[in-house]
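In what follows, a structure is listed as structure tokens, so that the remarks can point back to it.
Nothing in this text is a laboratory measurement; each read-out follows from the coordinates by a stated rule. Just so we're clear, the structure is a prediction, and the values are computed from it rather than from any experiment. Using ideal geometry, Cβ is built from the backbone for each residue, glycine included, and neighbour counts are taken over all protein chains shown.
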Amino acid sequence: MNGAAPRSSARDEAAAGEGRGVLALRLPPSRLALLGGVYSNHIALAGAIADARRRGAQALFCLGDLGAFGPHPALVFPILRENGVVTLAGNYDDSLARGLDDCRCGYTDPRDNHFARLSYRYTFERTPAEEKRWLGALPRQVRIETGGRRLLLCHGSPRRMNEFLWESATPDAFLEKLFREHDCDALAVTHTGIKWRRELPGGLFVNVGVLGRPENDGTPRVWYTILDVHPDGSIEPTFVPVEYDHAALAREMRAEGLPDEFVETIETGWWTTCLEVLPSKERMRAKW
Ligand SMILES: [Fe+2]
């Protein structure tokens, strides 16, 4: 075991860390790359960064959850830093930084909790202390003024780091309220693992997807988002698939003794765990 054991957490810590740590940036209209949950998938992360640069992305952002699920969690940190990826904290990062005893993903199903705990323990023990301190210093939100528009990047939602915003379960009126109350014209999140977008009179919403695991569609590819901010202030999101060496990641996961269920997801593209959080509409599209 490489690190101190996580200390116990109280349930009322769920909202701790919100409302602080906002990084404010001003950028010219440009092409931005938004990378969602990495879940220790260092191969897909490197692939997505290279792809975004090939496509001319001028600034790269990661919306948090660097660890979980995959192998060798320490590998993602140098990739992010060496490539100048502006990174904000997700719930997983916040839990690791604060030494909490779980990822606060909000599972209630005993089987999901079993796998979540295995994964969290594995990641906690293999994340070096200095990287936990780095995670603890990450902003919770990034605000970008560009092309006369206000972009807000966060992990789950602007009001709660571990809130799931699913396409089928998020009413237009709720998104309009988020745009209004959080002073933004475009809002980008991750956390659910499945990308989606919606354009409304009050703003653009984008769930940028995740790099860490496929999105339960029967293919091993993962996704990130390019956001083009044009000089006229229009904002155009494009979902970009990342084909990476998933067989190599699966081999690393097996060698590390990670659960076969996780490896199966990487190889087949179907989720085998954490299905309880899916609303019925998203679940009906899937195999299990
Ligand atoms: Fe998350």
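Given the options 186, 89, 247, state which has the largest fluctuation in a GNM of the chain using a 10 Å cut-off (strictly under) for Cα springs. Evaluated over the chain, the most mobile residue of the options is 247.
Here the residues 195, 177, ranked from fewest to most Cβ neighbours within 10 Å of their Cβ, fall in the order 177, 195. Here the spin labels are modelled as points 7 Å beyond Cα on the Cα-Cβ line, and at residue 248 and residue 109 they lie 3.2 nm apart. Modelled this way, with points 7 Å down the Cα-to-C-beta line, the labels at residue 117 and residue 82 are 3.7 nm from one another.
Any idea how far apart residue 129 and residue 74 come out in nm if each label point goes 7 Å out from Cα toward Cβ? Roughly 1.4 nm, to one decimal. Secondary-structure-derived ellipticity at 222 nm for the chain, considering helices only, amounts to -9000 deg cm²/dmol, per-run term -39500 (n - 2.57) for DSSP H runs with n ≥ 4. Between the beta carbons of residue 261 and residue 50, assuming R0 = 30 Å, the FRET efficiency works out to 0.55 to the nearest 0.05.
Over the range 111-270, the hull volume per residue, using the convex hull of the C-alpha atoms, is 139 Å³.
Residues 253, 161, 284, arranged from fewest to most other Cβ atoms within 10 angstrom of their Cβ, appear as 284, 253, 161. Note: relative contact order over the range 19-284, using C-alpha pairs below 8 Å and six or more positions apart, is 23 percent.
Helix 172-181 and the long axis of the chain differ in direction by around 80°, with both axes built from C-alpha atoms. Per-residue 3J(HN,Hα) values for the range 74-81, derived from phi via the Karplus relation 6.51 cos²θ - 1.76 cosθ + 1.60 with θ = phi - 60°, read 5, 6, 6, 4, x, 5, 5, 5 Hz in sequence order (x marks Gly and Pro).
Considering every alpha-carbon pair of the chain, the percent of pairs per 5 Å bin, from zero through the bin containing the longest distance, is 1, 6, 13, 18, 20, 18, 13, 8, 3, 1, 0. Look at 39, 107 and count the other Cβ atoms within 10 Å of each Cβ; fewest to most, that gives 107, 39.
The gain in end-to-end length when the residue 280 to residue 228 segment is fully stretched comes to 15.5 nm, 0.36 nm per residue minus the alpha carbon separation.
Karplus-derived 3J(HN,Hα) values for the range 114-125, using 6.51 cos²θ - 1.76 cosθ + 1.60 with θ = phi - 60°, are 4, 5, 4, 5, 4, 5, 5, 4, 4, 5, 4, 5 Hz; glycine and proline are entered as x.
How high is the FRET efficiency between residue 180 and residue 26 when r is their beta carbon distance and R₀ equals 25 Å, given to the nearest 0.05?
Working: r = 22 Å, r/R0 = 0.88.
Efficiency, rounded to the nearest 0.05: 0.70.
Which of 284, 249, 129 sits closest to the plus end of the dipole of the chain, meaning its Cα is farthest towards the positive end, when Lys and Arg get +1 and Asp and Glu get -1 on the C-beta? Farthest towards the positive end: 129.
Quick check for me: using +1 on Lys/Arg Cβ and -1 on Asp/Glu Cβ, what's the dipole size of the chain about its Cα centre, in debye to the nearest 20? Present the calculation step by step, with values, prior to reporting the outcome.
Values: 36 positive and 39 negative charges, 83 e Å.
So the magnitude is around 400 debye.
If the elastic network links every pair of Cα atoms under 10 Å, which of 262, 115, 174 fluctuates the most in the Gaussian network model of the chain? Result for the chain, Cα springs under 10 Å: 174 fluctuates most.
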